[in-house]
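Some notes on the structure that comes next.
The values are calculated or read from the model by the stated rules, or taken from the named source; none is laboratory data. Computed from a predicted structure; not experimentally measured. So basically every Cβ, Gly included, is an ideal-geometry build from the backbone, and we count neighbours across all protein chains shown. Ligands, DNA and RNA are stripped out before the accessible areas are found, and what is left, the full protein with its side chains, is counted by its heavy atoms. Shrake-Rupley method; radii C 1.70, N 1.55, O 1.52, S 1.80 Å.
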Amino acid sequence: MTHVLHRDLRNPLPMAVKAEGPYVIDSTGMRYLDASGGPAVSCLGHTHPKVIEAIRHQAGEIAFAYSAFFAHPVVESLADKLVAKAPAGLSRAFFVSGGSEAIEAAMKLARQYFLEIGQPSRRLFIARERSYHGNTLGALSLGHDVSRRQTYEPLLLPVTHISPCYEYRERRADETAETYGIRIADELEAAILRQGPENVAAFFAEPIAGSSLGCAEPVPGYLARLRAICDRYGVLLVFDEVMCGMGRTGHLYACAEDGVTPDILTMAKGLGAGYQPIGAFLAHDKIVSALEGGSGQLKHGHTYAGHTLACAAALAVQEAIEEENLLDRVKDLSVKLRARLDDSFGQHPHIGDIRGRGLFIGLEMVADRDTKQAFDPSEKKWLKLRQAAMQEGLICYPAGGCIDGKSGDHILLAPPFNLTDGQLDEAVEKLGKALKSTVG
């Protein structure tokens with residue numbers, strides 16, 4: 001008997017009781033190698049001593065200082081560290097309790113910015129199909145995950161969605177990667193013109209699409225084209241790096257690899273690595289200047305915004321990544337992981353594509369590799385794969401619906417940055433066994 005309202009009311013979950021580095025241990029003693037960090041969260045594994053000690057120390061000093069009443073040195077230090085490494089122009093940080101809150105805050109900041117500069121008609125948002133931006137109503141409106149949206153459709157905001165960057169299935173045979181990127185980026189311009197540039201506030205995109213599209217990365221020039229279109233019409237560009245950022249690609253900020261700077265950048269998951277609930281956005285100078293020269297206030301907040309203990313944990317996480325040279329380790333492990341995946345599954349009859357950057361890798365499962373035919377969605381191959389992997393002692397992050405919201409199964413891998421080479425081998429071996437029992 002449980003008094004917890006679990007997500008699945010029919011299928012009980014194993015009881016996690018302990019963790020050791022990249023392993024989660026349940027009440028039966030079963031050990032699971034966490035090769036996805038839950039949903040790309042646990043980038044340092046589960047028992048990093050530096051982070052644990054930072055939490056203990058901060059709890060002994062002051063665990064919570066309400067941000068409407070007090071500033072705190074640890075909050076300032078975390079903001080300093082994030083801004084120092086951010087793309088030029090991103091100069092202020094605002095801390096919340098997770099990714100969905102970060103997206104909601106970014107939406108509200110975009111709206112306030114246009115009020116501050118005297119453009120009150122700008123209230124509309126554009127995002128991409130098969131995206132996921134969070135599970136609050138505003139964030140769910142931006143996202144295009146059909147299964148998560150369908151229950152709440154009558155409550156959602158009107159948001160225009162354009163094509164994602166999904167080269168595996170949507171680049172035409174007569175296109176180069178670059179011309180494909182231009183074609184789909186230009187859908188943003190068309191959407192802005194349809195609604196009237198004077199009415200559009202912001203465009204939201206994950207630089208590397210996460211849970212709903214299995215690590216589909218941008219083709220060369222695509223993000224730059226989006227930036228140019230937003231600049232042409234005065235629309236804010238918001239990059240959602242909640243899942244793909246904070247070192248996951250080998251760069252602290254995923255957009256740095258493409259050399260494109262957004263007006264607002266959101267983050268979460270790897271920011272606190274699961275040790276405390278935390279998310280954030282970074283805002284560009286021009287937005288901060290508009291607020292300073294206007295109302296002088298950010299008209300948004302939560303009780304736990306800038307939570308002291310959470311910021312202390314996140315600061316320790318970021319210090320550990322820096323001190324242990326883990327961004328370089330991500331790049332090294334990425335090469336090794338891709339080589340192992342290519343060797344094991346590059347010609348697998350039921351793996352159509354292996355994609356992503358750094359330690360943010362997706363594998364798309366198909367019924368037929370040659371035709372790219374997807375499995376019948378009623379078979380729920382993604383769910384069967386997850387269950388089979390758990391039986392092998394492997395945590396990965398499969399999902400369905402990447403093609404059209406209903407069909408298309410993929411597996412997301414996002415292991416800790418400090419995984420050993422042997423644990424990398426273990427992850428690929430266990431994934432192979434799970435695939436064999438699921439798709440043959």
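Odds and ends about this structure:
- Residue match in the stretch 432-440 (condition: touching a Leu at 6+ places or on another chain (Cβ under 9 Å), open to solvent by less than 50 Å² (accessible area, probe 1.4 Å), among the polar types (S, T, N, Q) and touching a residue at least 24 places away in the same chain (Cβ under 8 Å)): yes
- In the stretch 414-437, the condition of being part of a strand (DSSP E or B) and either modelled with pLDDT under 95 or not small (G, A, S) (or both) is met by no residue.
- Consider the stretch 143-182 and keep the residues that are more than 30 Å from S378 (Cβ to Cβ) and part of a loop (DSSP other than H, G, I, E, B). The one that is least open to solvent (accessible area, probe 1.4 Å) is E175.
- Hits in the stretch 108-138 (condition: within 18 Å of the chain's Cα centre (by Cα), within 14 Å of H302 (Cβ to Cβ) and in a helix (DSSP H, G or I)): G138
- On the stretch given as the stretch 5-37, residues that are open to solvent by less than 30 Å² (accessible area, probe 1.4 Å), in contact (Cβ under 8 Å) with a residue 24 or more places away in the chain and out of contact with any Leu (no Cβ under 8 Å at 6 or more places or on another chain) total 5.
- Looking across L124, L140, L109, L115, one residue alone is farther than 22 Å from C230 by Cα, aliphatic (A, V, I, L, M), surrounded by 15 or more Cβ atoms within 10 Å (Cβ to Cβ) and modelled with pLDDT of 95 or more. It is L140.
- Residue pairs meeting the criteria (Cβ under 9 Å; at least 6 apart or on separate chains; first without any contact (Cβ under 8 Å) to a residue 60 or more places away in the chain and over 16 Å from D404 (Cβ atoms), in the stretch 364-386; second in a helix (DSSP H, G or I) and open to solvent by 40 Å² or more (accessible area, probe 1.4 Å)): K384/S437; L385/S437
- Residue match in the stretch 60-75 (condition: more than 17 Å from A273 (Cβ to Cβ), in contact with a Phe, Trp or Tyr (Cβ under 9 Å, 6 or more places away or on another chain) and of a type in the set (S, T, N, Q)): yes
- Condition check for A205: over 25 Å from G400 (Cα atoms), open to solvent by less than 10 Å² (accessible area, probe 1.4 Å) and touching a Phe, Trp or Tyr at 6+ places or on another chain (Cβ under 9 Å): no
Residue-by-condition table, conditions (1) in contact with a His (Cβ under 9 Å, 6 or more places away or on another chain); (2) closer than 30 Å to I55 by Cβ; (3) of a type in the set (K, R):
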| position | (1), (2), (3) |
| --- | --- |
| G196 | no, no, no |
| D231 | no, no, no |
| D263 | yes, no, no |
| G270 | no, yes, no |
| G279 | no, yes, no |
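- Count of the stretch 227-247 residues which are surrounded by fewer than 21 Cβ atoms within 10 Å (Cβ to Cβ) and at positive phi: 1
- Evaluating C311 against the criteria (1) in contact with a helix residue (DSSP H, G or I) (Cβ under 8 Å, 6 or more places away or on another chain); (2) open to solvent by 10 Å² or more (accessible area, probe 1.4 Å); (3) not in a loop (DSSP other than H, G, I, E, B) leaves one unmet condition, (2).
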